[in-house]
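Trainee: To start, I am sharing the structure in question, which I have written as structure tokens.
The values are calculated or read from the model by the stated rules, or taken from the named source; none is laboratory data. Computed from a prediction, not measured in an experiment: that's the story for all the values here. As a convention, Cβ positions derive from the backbone with ideal geometry for all residues, glycine included, and neighbour counts pool all protein chains shown. For accessibility, only protein heavy atoms count, side chains too; no ligands or nucleic acids. Shrake-Rupley method; radii C 1.70, N 1.55, O 1.52, S 1.80 Å.
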Amino acid sequence: MCSLMKMEFGKLVRQKSFWISLIVFILFMLECYFGWVSPLGDDFYILAEDGTLLNGSEAVSQDRQDSERYRGVLSDEWVAQIVQNERDNEAQIEGMIQNAETSSPISISAPNAKRLVYYYFVNTDKLSGRKLDTLVYHYGEEELRPVRDVFPESAQPLYYEYSVQWGGTLEAVVTGIFLLNIFVFFGISPVFSEERAKKMNALLFTSRFGRRKCFWAKTLTVYAIGTVLAAGTVLLLTAITHLLFGTEGLQCSIQLVEPFLYQDCPTAKTLGTVIVDAVLLSTAGLFFTISLTILASVLAKNSLDAFILSMVLSVSPLILRIFRIPDEIKLIAPVNRMFDFSGVMSVPDVSFRSMRVAYSHAAAGILLCASAVIILCACTVYNRRAAD
Amino acid sequence: MELQLENVSKNYGTLRALKQVNYTFTEGIYGLLGANGSGKTTMIRLLCNLQKPTEGRILFDGKDIKKAGQNYRSILGYLPQDFGYYPDFTCYKFLFYIATLKGFSKKNAPDRIIEVLSQVDLLDVKDKEIRQLSGGMRQRLGIAQAILNDPKLLILDEPTVGVDPQERVKFRNLVHRIAHGRTVILSTHIVSDIEYTATQLLFMRLGQIVGSGTPDSLLQQLDGKIWECSVPFGEADQYYDKFKIISQINHEDGCTLRLFHEGKPMEAAKQVKANLEDLYLYHFDKTK
């Protein structure tokens, strides 16, 4: 079986479509990573306390230093201190922005005191409906109660630490694995269809190993490629971030990582946990896409048909968006999540008898089970089909 | 070794491609003759277990080939009518791939591949891509992949279609050389492919075996039925209406007609020895 898998691997990698799609995937993935994580801070500007505009690694370093002041669990005292600092600094910062001789994007220290305060009060419901100098809090006690019922852990205190780069890594990893889905359409769809197009089926089916072993050799080869590429993507991206920034940021509560994406997440997860969950679900999604691609490849008569069919099968869950279907169902399909993992975190845990499972884990389990069913269908079709 | 078809039928929808075929193959070269659409390829695909019979069963040494699985495939070598290959593979790499499929180890495969390439006279082009080979060479490569596992049962489906006469002769000789100790089933509609090699002939028409036996025994059926006569050019046409003409050879002063007839067709006719082409035409005329 191993020798057969090696041969199948050799057959796949000899195809131009495999290499072209792999190179395109790697370029896109790195572009996303360096665009979002910006480990060297090329696109990152920050205004220092003396009014100097910093860029690049200097800006990143300054940002980390500034953030250090706010590290820790957000408590009443801590937030009061932040509010005080904010009041003291606000006028000074506004002045600095106006005086800055640049139109470049300016970040006023990453922790963004306003954001911390905002989440603190939403999280603890201590200032609902009250107006602070710079912020208006929208959530009242009545509005928060149903959220608390479903997500009891949302009342837990939030923890802050510098997490800009790991936050970007989370997005890059999710996007990277999603881009792998597209690579799968191009690079892997010929796995069965090519032999059919080349009329090799008859030789394969009459060989000693027969169709069953050929099927599993091809299938396992494709999964092995997918697993290696997914693992490679995750390891490469996390290794770069780890090399430059260590583990700083992984303990940060997810709500404090990126305001636009995670502000409505009612879970009490750290960024590190969310990265693990995202990798698991995205990889399960990739396996699901691989299964659909294998089925398409078994059904198709040539590589182009296989490519088109695998695309159609994979994007077909988009139709769920038209109907009023709960997010729990919609978000299982990788195409309905794409690059965004925040929606998944807004879905409550799944209870099964006495067990309580995080939604992302349950969705990953469903995807893996669905993948197994699809593969068995593909195997049945392959075994029953007459050679061309 | 015994391969037995028991009441085998195959339907494609309403079309009956094979009808209640009973036959037993043992060691030797079997020529399966029939026109296009006569059921040869269907029968071969059933023998290779690529399709399942609608009725009946095929037994290999008493065991149904559907259940024999890997044991049956281990002794089978098959060259399909439309031989598939990867054009960008070299001959060696292609055979290595097939060797892997046939269960050869990495250690044993190279020696066997060289041996087989030498047998089919392709050793010189082992590193050439298949797309660069001529049609005849590709067919020989097809034979090479079929005999790689030294099969007891070798099935060749119309192996000489589209091959030039010189390659056909090479191919014929090759089959003859490798046939020793095996059961070779060679399907064709070209009589000369099996004229000198087949030990048994099967004539197929409309999904049935309409005649079978050794070439000599089959040719005996035509004793006294094949005639040749010389006639002037102008009269040749009227004989076409009267008799079943096998061939016409033109000379300066007229032509020689070769024809079937139960008795002497005319005074000047000479009885001649039947050949396989006569037999082929005879069978297909007889069953009309």
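Trainee: Give the residues of the stretch A:262-289 that are at pLDDT 90 or above and in contact with an Asp or Glu (Cβ under 7 Å, 6 or more places away or on another chain), sorted by residue number.
Mentor: none
Trainee: With respect to A:Ala239, is the statement that it is modelled with pLDDT of 90 or more and within 18 Å of the chain's Cα centre (by Cα) true? Give the derivation first.
Mentor: Numbers: modelled with pLDDT of 90 or more: yes; within 18 Å of the chain's Cα centre (by Cα): yes.
Yes: the conditions hold for A:Ala239.
Trainee: Then there's this: Quick check on my filter: what residues within the stretch B:93-108 are among the polar types (S, T, N, Q), at the interface with chain A (Cβ under 9 Å from one of its Cβ atoms) and either touching a Phe, Trp or Tyr at 6+ places or on another chain (Cβ under 8 Å) or assigned to a loop (DSSP other than H, G, I, E, B) (or both)? Talk me through it step by step, then tell me what you get.
Mentor: Taking the stretch B:93-108 as the starting set, the residues that turn out to be among the polar types (S, T, N, Q) are B:100, B:105, B:108.
Then keep just the ones that are at the interface with chain A (Cβ under 9 Å from one of its Cβ atoms); that gives B:100, B:105.
Within the stretch B:93-108, B:Ser105 is the sole residue that qualifies.
Trainee: So, B:Ile226, is that one touching a Lys or Arg at 6+ places or on another chain (Cβ under 6 Å) and modelled with pLDDT of 80 or more or not?
Mentor: Values: touching a Lys or Arg at 6+ places or on another chain (Cβ under 6 Å): no; modelled with pLDDT of 80 or more: yes.
Against the criterion (touching a Lys or Arg at 6+ places or on another chain (Cβ under 6 Å) and modelled with pLDDT of 80 or more), B:Ile226 does not qualify.
Trainee: Another question about this same structure. Please go through the stretch B:67-81 and pick out each residue that is more than 9 Å from chain A (Cβ to nearest Cβ), surrounded by 13 or more Cβ atoms within 10 Å (Cβ to Cβ) and over 24 Å from the mean Cα position of the chain (by Cα).
Mentor: B:Ala68, B:Asn71
Trainee: Related question: Go through the stretch A:200-251 and report how many residues are more than 19 Å from A:Leu295 (Cβ to Cβ), in contact with an Asp or Glu (Cβ under 7 Å, 6 or more places away or on another chain) and surrounded by fewer than 24 Cβ atoms within 10 Å (Cβ to Cβ).
Mentor: Within the stretch A:200-251, residues that are more than 19 Å from A:Leu295 (Cβ to Cβ), in contact with an Asp or Glu (Cβ under 7 Å, 6 or more places away or on another chain) and surrounded by fewer than 24 Cβ atoms within 10 Å (Cβ to Cβ) number 2.
Trainee: If you check A:Leu244 against the conditions, is it more than 17 Å from A:Ser282 (Cβ to Cβ), in contact (Cβ under 8 Å) with a residue 60 or more places away in the chain and either of a type in the set (D, E, K, R) or in a loop (DSSP other than H, G, I, E, B) (or both)?
Mentor: Details: more than 17 Å from A:Ser282 (Cβ to Cβ): yes; in contact (Cβ under 8 Å) with a residue 60 or more places away in the chain: yes; either of a type in the set (D, E, K, R) or in a loop (DSSP other than H, G, I, E, B) (or both): no.
It is false that A:Leu244 is more than 17 Å from A:Ser282 (Cβ to Cβ), in contact (Cβ under 8 Å) with a residue 60 or more places away in the chain and either of a type in the set (D, E, K, R) or in a loop (DSSP other than H, G, I, E, B) (or both).
Trainee: Quick test for you: out of A:Ser314, A:Ser291, A:Ser354, pick the one residue that is open to solvent by 70 Å² or more (accessible area, probe 1.4 Å) and assigned by TED's automatic domain parsing to the domain that holds A:Phe178. Reasoning before the result, please.
Mentor: Values: A:Ser314 fails: open to solvent by 70 Å² or more (accessible area, probe 1.4 Å); A:Ser291 fails: open to solvent by 70 Å² or more (accessible area, probe 1.4 Å).
Just a single option satisfies the conditions, and that option is A:Ser354.
Trainee: Next question. I'd like to verify a number: residues in the stretch B:31-66 that are free of Cβ contacts under 8 Å to residues at least 60 places away in the same chain, more than 10 Å from every other protein chain (Cβ to nearest Cβ), open to solvent by 40 Å² or more (accessible area, probe 1.4 Å) and charged (D, E, K, R), how many?
Mentor: Selection size over the stretch B:31-66: 4.
Trainee: Can you tell me which residue in the stretch B:236-254 is nearest to B:Tyr280 (Cα to Cα), limited to those that are of a type in the set (A, V, I, L, M, F, W, C) and out of contact with any Ser or Thr (no Cβ under 7 Å at 6 or more places or on another chain)?
Mentor: B:Ile246
Trainee: Here's a follow-up. Among A:Leu309, A:Leu368, which is the only one that is buried (at least 18 other Cβ atoms within 10 Å of the Cβ), of a type in the set (A, V, I, L, M, F, W, C) and either at positive phi or in the same structural domain as A:Phe192 (by TED's automatic domain parsing) (or both)? So that I can check it myself, show each step before the final result.
Mentor: Working: A:Leu368 fails: buried (at least 18 other Cβ atoms within 10 Å of the Cβ).
Going through A:Leu309, A:Leu368 in turn, just one is buried (at least 18 other Cβ atoms within 10 Å of the Cβ), of a type in the set (A, V, I, L, M, F, W, C) and either at positive phi or in the same structural domain as A:Phe192 (by TED's automatic domain parsing) (or both): A:Leu309.
Trainee: With the requirement that a residue be out of contact with any strand residue (DSSP E or B) (no Cβ under 9 Å at 6 or more places or on another chain), over 15 Å from A:Arg208 (Cβ atoms) and either modelled with pLDDT of 85 or more or in a loop (DSSP other than H, G, I, E, B) (or both), what does the stretch B:63-82 give you?
Mentor: Result: B:Lys63, single match.
Trainee: Just for the stretch A:198-241: of the residues that are assigned to a helix (DSSP H, G or I) and among the polar types (S, T, N, Q), which one is nearest to the other protein chains (Cβ to nearest Cβ)? Steps first, please.
Mentor: So the first thing to find is which residues in the stretch A:198-241 are assigned to a helix (DSSP H, G or I), and the list is A:201-206, A:210-241.
Now restrict to residues that are among the polar types (S, T, N, Q): A:201, A:206, A:219, A:221, A:227, A:233, A:238, A:241.
Working: A:Asn201: 7, A:Thr206: 4, A:Thr219: 16, A:Thr221: 13, A:Thr227: 22, A:Thr233: 29, A:Thr238: 36, A:Thr241: 41 Å.
So the residue we want is A:Thr206.
Trainee: Another question, if that's okay. Being surrounded by fewer than 23 Cβ atoms within 10 Å (Cβ to Cβ), more than 12 Å from chain A (Cβ to nearest Cβ) and free of Cβ contacts under 8 Å to residues at least 24 places away in the same chain is the requirement here; does B:Gly84 meet it? Please lay out each step first, then the result.
Mentor: On the way: surrounded by fewer than 23 Cβ atoms within 10 Å (Cβ to Cβ): yes; more than 12 Å from chain A (Cβ to nearest Cβ): no; free of Cβ contacts under 8 Å to residues at least 24 places away in the same chain: yes.
In short, no.
Trainee: Still on this structure, please answer the following. Checking the condition at pLDDT below 75 and open to solvent by less than 40 Å² (accessible area, probe 1.4 Å), which residue from A:Val13, A:Val60, A:Val37 passes?
Mentor: Values: A:Val13 fails: at pLDDT below 75; A:Val60 fails: at pLDDT below 75.
Unique residue meeting the criteria: A:Val37.
Trainee: For the stretch B:211-247, give me the residue count where each residue is within 23 Å of B:Arg258 (Cα to Cα), assigned to a strand (DSSP E or B) and touching a helix residue (DSSP H, G or I) at 6+ places or on another chain (Cβ under 9 Å). Break it down into steps so the answer makes sense when it comes.
Mentor: As a first pass, look at the stretch B:211-247 and keep what is within 23 Å of B:Arg258 (Cα to Cα): B:211, B:215-247.
So of that shortlist, the ones also assigned to a strand (DSSP E or B) come out as B:211, B:226-231, B:244-247.
Those still in the list that are touching a helix residue (DSSP H, G or I) at 6+ places or on another chain (Cβ under 9 Å) too: B:211, B:226, B:229, B:231, B:244-247.
The qualifying residues number 8.
Trainee: List the residue pairs whose Cβ atoms are under 7 Å apart, where the first residue sits in the stretch A:303-321 and is closer than 21 Å to A:Leu12 by Cα, the second is of a type in the set (Asp, Glu) and open to solvent by less than 50 Å² (accessible area, probe 1.4 Å), and the two are 6 or more positions apart or on different chains.
Mentor: Filtered contacts from the stretch A:303-321: A:Ser303/A:Glu194.
Trainee: Being under 14 Å from the mean Cα position of the chain (by Cα), of a type in the set (Asp, Glu), over 24 Å from B:Tyr72 (Cβ atoms) and not assigned by TED's automatic domain parsing to the domain that holds B:Gly103 is true for just one of B:Asp157, B:Asp193. Which residue is that? Full working, then the answer.
Mentor: Details: B:Asp157 fails: over 24 Å from B:Tyr72 (Cβ atoms).
Criteria check complete, one pass: B:Asp193.
Trainee: Let me ask you something else. Can B:Gly211 be described as surrounded by 22 or more Cβ atoms within 10 Å (Cβ to Cβ), of a type in the set (Gly, Ala, Ser) and touching a residue at least 40 places away in the same chain (Cβ under 8 Å)? Write out each step before concluding.
Mentor: Numbers: surrounded by 22 or more Cβ atoms within 10 Å (Cβ to Cβ): no; of a type in the set (Gly, Ala, Ser): yes; touching a residue at least 40 places away in the same chain (Cβ under 8 Å): yes.
In short, no.
Trainee: Which of the following residues is over 28 Å from B:Gly34 (Cα atoms), in contact with a strand residue (DSSP E or B) (Cβ under 9 Å, 6 or more places away or on another chain) and of a type outside the set (Lys, Arg): B:Glu277, B:Glu235?
Mentor: On the way: B:Glu277 fails: over 28 Å from B:Gly34 (Cα atoms).
Going through B:Glu277, B:Glu235 in turn, the sole match is B:Glu235.
Trainee: Out of the residues in the stretch B:221-279 that are touching an Asp or Glu at 6+ places or on another chain (Cβ under 9 Å) and among the polar types (S, T, N, Q), state the one that is surrounded by the most Cβ atoms within 10 Å (Cβ to Cβ).
Mentor: So the residue we want is B:Asn275.
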